[in-house]
Amino acid sequence: MSFGARVLKTGIAVTLALYLSMFLNPQSPVPAAIAAIFAMQPSIYRSWKYFLDQLQTTTLGAIVALLGGMVLSNEPIAVGLIIVLVIMICLKLNMGETVGLTLVTVVSIMEASGDWHFALNRFLLTLIGIVSAFLINITVFPPKPKVQFVKQIQSVFNSMSLLLRTSISDEIKEAVFRDEKSNLGGSIKSLSDKYNLFEEEQKKMKRSKFSQTRQMVVYKQMLLSLQKGYEVLDSVERHYFQAQRSPELDRFFDTHLERLIKFHEHALLKFEDKLKPNGEEAEQFILDNDHFMEQAITEFDVDQNGMLRLSIVAAAIYDYGYQLERLNRLADHVHSGSDDKDSQDHILNWIKWP
C-alpha cells in the first residue's frame, strides 16, 4: 500500500477515537482504535454501508457474547463456540465484511463473563471507533474515485502506448518490459477498482441522471479499451516471439499497432475537447482494422511454424481496434452538442453492448 489520503485518514481517525474514548474509559481506549482501523473505507457509500452493517452485527454480537458469558463463562471452548455462532449470523445477514471487528468485540465482552457494565463499555468504545472513522472519511479529503479515475486514465495510456510501440519492434529491454508491464497491470487494476467504487456509489446513493449515465458508459469504455490494449501486450509476450517471422511480418504488425495507438490517443483527446470529430478518420480506421484481420487470416502461411500463435496475437490486436472504434464513436456523440432524444437513446444503447 502506498502512502495516500486513506493512510493519513486512518491515523487521524485512530487519534480521534483514542481521545474520545478516554472520556469513557481512560484505562482501555484500545478497542476504539481497533474499530477505527477496521472502519476506514475507500468510498463514502461504503463508509455509510459499513457503519450501518457494523452497527447491526456489533449489537447482535455484543448481545450473544453477553448471554454466552453469563451461561457458559469465559472458558476458551465457550469463546470458540460463540465465535462460530456470531460468524454464522453475520454470514446469514450477508454482512461478512463486518465479521472481523464484530469478533473482536465478542472476545472482549466474553472476557468479563456476563458483566453487562463491561459489555456496554466495550460496545460503546467500538461505536466510538466506527463513528470516528466515518466522520473523518467524509470530512477530511473525502474519497473521490471518479476524479482519481479521470486523472489516471491519461498516465495509464501513456505507459501502455510506450510498451505497445516497442513490443513488436523489440527495442525495449526485456527486464524493463516485464517491470513496466507489471506496473501497467497494477494501474489498470487500480482503475477498475475506482470505476467499481463510483459505479456502486452512483447506483446506491443517488438517482442517475442522463448525464451521469452517459459518463458511466464513457468511463467503462475507456477502461475496457485499456484492458484490451493490455491483452495485446500479454499475447505478444506469450506468443509473438515464439513463432517464425519475417521482417515484413514484423513491420505488418508494428505498423498496425502504431495506427491503433494513434487512434486511441485521438479518441482520448476528443473527450478533452481538444480535437474535432473526424468521420473520415473513423471510417478509414474501421477499414484498416478489418483489412488487417483479413490479411492475417488469408495471406499468412498456415504451414509455417508458430502461425497459430501469430493468429492469437492478430485477434487480440483486432479486438483492441474494435473497442477503440466504439470509444471514438462515443467521443463523437458526447461532444457533438446534440441533446435530442435520439442522441440520448443512441448513447444509452451502448450500455447493452458486450
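S235: open to solvent by less than 60 Å² (accessible area, probe 1.4 Å), more than 16 Å from I153 (Cα to Cα) and free of Cβ contacts under 8 Å to residues at least 12 places away in the same chain, yes or no? Judged against the criteria, S235 is not a match. When you check L20 against the structure, is it open to solvent by 20 Å² or more (accessible area, probe 1.4 Å) and free of Cβ contacts under 8 Å to residues at least 40 places away in the same chain, yes or no? No: the conditions fail for L20. The residues of segment 51-85 that are of a type outside the set (D, E), closer than 18 Å to G129 by Cβ and free of Cβ contacts under 8 Å to residues at least 60 places away in the same chain, listed by number, are L52, Q56, T57, L60, G61, A65.
For every residue, the table says whether it meets (1) assigned to a loop (DSSP other than H, G, I, E, B); (2) of a type in the set (A, V, I, L, M, F, W, C); (3) over 30 Å from S246 (Cβ atoms); (4) in contact with a helix residue (DSSP H, G or I) (Cβ under 6 Å, 6 or more places away or on another chain).
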{"position": "T126", "(1), (2), (3), (4)": "no, no, yes, yes"}
{"position": "I136", "(1), (2), (3), (4)": "no, yes, yes, yes"}
{"position": "Q154", "(1), (2), (3), (4)": "no, no, yes, no"}
{"position": "N183", "(1), (2), (3), (4)": "no, no, yes, no"}
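Which members of segment 54-87 meet the condition of being among the hydroxyl-bearing types (S, T, Y) and either modelled with pLDDT of 85 or more or within 26 Å of I37 (Cα to Cα) (or both)? It would help to see each step written out before you state the result.
Initially, segment 54-87 is screened for residues among the hydroxyl-bearing types (S, T, Y), giving 57-59, 73.
Residues satisfying the conditions are T57, T58, T59.
Taking segment 252-285 as the range and being aliphatic (A, V, I, L, M) and either touching a Phe, Trp or Tyr at 6+ places or on another chain (Cβ under 8 Å) or in a loop (DSSP other than H, G, I, E, B) (or both) as the test, the residues that pass are L260, L268, L275.
For segment 205-223, a residue qualifies if it is modelled with pLDDT of 90 or more and open to solvent by 40 Å² or more (accessible area, probe 1.4 Å), and exactly one does: K220.
Within segment 233-243, being under 12 Å from S311 (Cα atoms) and either aliphatic (A, V, I, L, M) or outside any helix (DSSP H, G or I) (or both) holds for V236, A243.
Being touching a helix residue (DSSP H, G or I) at 6+ places or on another chain (Cβ under 7 Å) and assigned to a helix (DSSP H, G or I) is the filter here, so list the residues in segment 138-152 that pass it.
Passing the criteria: I138, P145, K146, Q148, F149, Q152.
Here M293 fulfils each of the conditions (1) modelled with pLDDT of 90 or more; (2) open to solvent by 20 Å² or more (accessible area, probe 1.4 Å); (3) in contact with an Asp or Glu (Cβ under 7 Å, 6 or more places away or on another chain); (4) of a type outside the set (K, R) apart from (3). Restricting segment 112-132 to residues that are in contact with a Gly (Cβ under 8 Å, 6 or more places away or on another chain) and within 21 Å of A33 (Cβ to Cβ), the residue that is least open to solvent (accessible area, probe 1.4 Å) is A119. Looking only at residues that are of a type in the set (S, T, N, Q) and at pLDDT 90 or above in segment 296-344, which one is nearest to I168 (Cα to Cα)? So, considering only residues that are of a type in the set (S, T, N, Q) and at pLDDT 90 or above, the one nearest to I168 (Cα to Cα) is Q323. Go through segment 253-265 and give me each residue that's in contact with a helix residue (DSSP H, G or I) (Cβ under 8 Å, 6 or more places away or on another chain) and either open to solvent by 40 Å² or more (accessible area, probe 1.4 Å) or basic (K, R) (or both). Listed by number, the residues that qualify are E258, R259, E265. Yes or no: N158 over 27 Å from A36 (Cβ atoms), assigned to a helix (DSSP H, G or I) and at pLDDT 85 or above? Considered against the rule, which asks whether it is over 27 Å from A36 (Cβ atoms), assigned to a helix (DSSP H, G or I) and at pLDDT 85 or above, N158 comes out as yes.
Inside segment 161-176, can you point out the residues that are open to solvent by 60 Å² or more (accessible area, probe 1.4 Å), in a helix (DSSP H, G or I) and of a type outside the set (K, R)?
Selection gives L162, E174, V176.
The values are calculated or read from the model by the stated rules, or taken from the named source; none is laboratory data. Computed from a predicted model, the values in this text were never measured in an experiment. FYI the Cβ positions are ideal-geometry reconstructions off the backbone, even for glycines, and counts take in every protein chain you see. Quick note on the areas: whole protein, heavy atoms, side chains included, nothing else; ligands and nucleic acids left out. Shrake-Rupley method; radii C 1.70, N 1.55, O 1.52, S 1.80 Å.
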